[in-house]
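Novice: Below is a structure I'd like to ask you about.
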Amino acid sequence: MEIEWKDEILYKDLVKWGDRLKKEAPFFKKILEDMSKENARILDVSCGTGFHLVMLSKWGFSGIGVDISEQNVDEAVKLAKESSVQERAKFILGDILEIEKAVEGERFDFVYCIGNTLSIFSAEERNIIIQQLINALNPGGKILLQVVNYLSHSNDDVWYYNPNLKRSSNGSLNFHIRMMEWKERNQKVTMYVHNILQASKDSEDFKLGKKKTEFFVLRKDDFKKYQINEKLEVTFLGDYYWNEFDEEKSNDLVVIIDKIV
Ligand SMILES: C[S@@+](CC[C@H](N)C(=O)[O-])C[C@H]1O[C@@H](n2cnc3c(N)ncnc32)[C@H](O)[C@@H]1O
């Protein structure tokens, strides 16, 4: 039996959080090194199940995570409580396209939208989103954006990301593999996630799951336009290790927008 899944599989059960945060933590530490833990306010846009904001809150920072998925927000609230940072890490339901409304006009010192989230939105929608993120930023603040650099696969017809075997929060095993192909070469990609899901812990029954998502290909030029404003400085990186962005080779496109005082 094959299922089309949307909410059956929790986002937190698809990602190896230990590995991911180990890779990303030093980058966040560096970006935040000049910010005051007591005073800086942080906004995690499309926060998923809250792992990043909870990590930053454990370091002493405070902020808000916003996501459109009720399931993700519930999981994030649970994670903050389990980590005893519920006073510093708050999570609310909200649409990224109306993010200023969701945070009731609050201003922030560090705003981030990572995990390839921006790639699901059209150019017009991204412009609405990024303008709002800029508006929500205090002078001296920073925006961090991360998307996958699909152009590094320009010459591939089909490619795969690492197969991943993970135990879900209910104890069952979940194996998944992500297959990518061009929908429109160098413009749009289709991702197929195929899962093999154990019916329950220790069960010998497995079911197949699949999910299809389309992403826009984003490039440096999509973000360069924000540089025009003299109060904004835009920096491009190719990963979370501070390597320069190379369109043909970099796995990621990481964008930092500084709002000059
Ligand atoms: C790939 S996940 C990234 C989550 C997290 N930022 C990370 O890096 O792991 C994309 C997230 O965007 C959220 N999302 C999708 N559409 C949204 C919207 N219109 N407004 C707010 N969040 C949205 C999803 O619910 C999901 O949690």
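The values are calculated or read from the model by the stated rules, or taken from the named source; none is laboratory data. Just so we're clear, the structure is a prediction, and the values are computed from it rather than from any experiment. Cβ: placed from backbone, ideal geometry, glycine included. Neighbour counts: every protein chain shown.
Novice: Looking only at region 221-244, which residues are in a loop (DSSP other than H, G, I, E, B) and under 12 Å from residue 145 (Cβ atoms)?
Specialist: Kept after step one, since they are in a loop (DSSP other than H, G, I, E, B), are these residues of region 221-244: 229-231, 238-243.
None; the set is empty.
Novice: Something else about it: Can you confirm whether residue 143 is more than 28 Å from residue 244 (Cβ to Cβ), assigned by TED's automatic domain parsing to the domain that holds residue 45, surrounded by 13 or more Cβ atoms within 10 Å (Cβ to Cβ) and within 16 Å of the ligand (Cβ to nearest atom)?
Specialist: No, not satisfied.
Novice: Right, next: Determine if region 55-67 includes at least one residue that is in contact with a Phe, Trp or Tyr (Cβ under 9 Å, 6 or more places away or on another chain), within 14 Å of the ligand (Cβ to nearest atom), touching a residue at least 60 places away in the same chain (Cβ under 8 Å) and within 19 Å of residue 11 (Cβ to Cβ).
Specialist: There is no residue in region 55-67 that is in contact with a Phe, Trp or Tyr (Cβ under 9 Å, 6 or more places away or on another chain), within 14 Å of the ligand (Cβ to nearest atom), touching a residue at least 60 places away in the same chain (Cβ under 8 Å) and within 19 Å of residue 11 (Cβ to Cβ).
Novice: I would also like to ask the following. Going by the conditions given, is residue 126 under 30 Å from residue 257 (Cβ atoms) and modelled with pLDDT under 95?
Specialist: Answer is no for this residue.
Novice: For region 245-261, name all the residues that are crowded, with 18+ Cβ neighbours inside 10 Å and part of a loop (DSSP other than H, G, I, E, B).
Specialist: 245, 250
Novice: Within region 1-83, considering only strands (runs of 3 or more DSSP E) that don't extend past its boundaries, which have at least 3 residues that are of a type in the set (A, V, I, L, M)?
Specialist: 41-45
Novice: Mind checking whether some residue in region 110-130 is within 13 Å of the ligand (Cβ to nearest atom), over 27 Å from residue 217 (Cβ atoms) and either over 15 Å from the mean Cα position of the chain (by Cα) or of a type in the set (A, V, I, L, M, F, W, C) (or both)?
Specialist: No, because not a single residue in region 110-130 is within 13 Å of the ligand (Cβ to nearest atom), over 27 Å from residue 217 (Cβ atoms) and either over 15 Å from the mean Cα position of the chain (by Cα) or of a type in the set (A, V, I, L, M, F, W, C) (or both).
Novice: Could you please give the count of residues in region 68-90 that are in contact with a strand residue (DSSP E or B) (Cβ under 6 Å, 6 or more places away or on another chain) and away from the ligand (no atom under 11 Å from the Cβ)?
Specialist: The qualifying residues number 4.
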